[in-house]
1. Do we have residue 63 as surrounded by 10 or more Cβ atoms within 10 Å (Cβ to Cβ) and modelled with pLDDT under 95 here?
2. So which pairs qualify, if the first residue must be in the stretch 13-35 and closer than 18 Å to residue 123 by Cβ and of a type outside the set (A, V, I, L, M, F, W, C), the second must be open to solvent by less than 50 Å² (accessible area, probe 1.4 Å) and in a helix (DSSP H, G or I), the Cβ gap must be under 7 Å, and the two must be at least 6 apart or on different chains?
3. I need the full set of residues from the stretch 76-90 which are open to solvent by 50 Å² or more (accessible area, probe 1.4 Å) and in a loop (DSSP other than H, G, I, E, B), in order please.
4. If we keep just the residues of the stretch 91-104 that are surrounded by 11 or more Cβ atoms within 10 Å (Cβ to Cβ) and closer than 13 Å to residue 59 by Cα, which is farthest from the chain's Cα centre (by Cα)?
5. For residues in the stretch 121-158 being among the hydroxyl-bearing types (Ser, Thr, Tyr) and over 21 Å from the mean Cα position of the chain (by Cα), which is modelled with the highest pLDDT?
6. Picking from 108, 98, which residue would you name as being touching a Gly at 6+ places or on another chain (Cβ under 8 Å) and at pLDDT 90 or above?
7. Condition first: under 15 Å from residue 99 (Cα atoms), surrounded by 13 or more Cβ atoms within 10 Å (Cβ to Cβ) and touching a Phe, Trp or Tyr at 6+ places or on another chain (Cβ under 9 Å). Now tell me which residues in the stretch 15-57 satisfy that.
Amino acid sequence: MPDDPPAPDDIFSAFFLEVGILAQLSRALFSLRLPPGISVSQFTVLNHLVRVGDGGTPLQLARAFQVPKTSMTHSLTVLERHGLIRLAPNPLDGRSKFTFITAEGRAFLQASRAALAPDIRAMGDLFPASRLAGVLPTLTELRRILDAMRDDPSPDQT
C-alpha cells in the first residue's frame, strides 16, 4: 500500500546514508579552510582534547576515534611538530605518553573556526539554524547510543 509507513530498517538506512553524505561534504569543505599540512582528522583530535580534556594517551585517543594506534600516533606526531599539542611521558610507567593541547593549539582551533565562519553564515542563509537546533537533542541521544554500542558491540543490547 502506498500509505504504509516506511519500515524502521529503511528509515535507519536512509538516515545513515544522509549522515554519511553530510559528513563527507562537510569534511571536504572544512579541509579547504585548514592550513596545508593539517588534516580534518588532526583538527578533530584537537577538538576532542578541548571537549573531553587533556591527558589522554595515544591508545585512549585511538580507541575514542576507532582508528589504529599507528594512525593516531601519526596524527599526534604531526600536531606536535606544528606545536599544537605536547606529549609528556607518563610518570607512572615511563613508556606511555599523555597528550595536552597547547596555547597554540587552542589559538589554531579558534582561527580554523573563524576561517569556516563565512561558510557557516552562507549555510545559515540557506538553511535556518533554528531547524538544526530542533534536531540536535535527538542526534546527541543517538550518538550516545552508538557510543554505548561501540563499547558493547553485541547485537542483543539489554
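1. Against the criterion (surrounded by 10 or more Cβ atoms within 10 Å (Cβ to Cβ) and modelled with pLDDT under 95), residue 63 qualifies.
2. Close Cβ pairs satisfying both conditions: 27/40; 31/40; 33/112; 33/115; 33/116.
3. 82
4. 96
5. Looking at the filtered set, the residue picked out is 130.
6. Working: 108 fails: touching a Gly at 6+ places or on another chain (Cβ under 8 Å).
Of 108, 98, the one residue that is touching a Gly at 6+ places or on another chain (Cβ under 8 Å) and at pLDDT 90 or above is 98.
7. Once the filter is applied, which keeps residues that are under 15 Å from residue 99 (Cα atoms), surrounded by 13 or more Cβ atoms within 10 Å (Cβ to Cβ) and touching a Phe, Trp or Tyr at 6+ places or on another chain (Cβ under 9 Å), the stretch 15-57 yields 43, 44, 45, 46, 48, 49, 54, 56, 57.
The values are calculated or read from the model by the stated rules, or taken from the named source; none is laboratory data. Everything numeric here is computed off the predicted structure, so don't read it as measured data. FYI the Cβ positions are ideal-geometry reconstructions off the backbone, even for glycines, and counts take in every protein chain you see. Remember, those area values only see protein heavy atoms, side chains included, never the ligands or the DNA or RNA. Shrake-Rupley method; radii C 1.70, N 1.55, O 1.52, S 1.80 Å.
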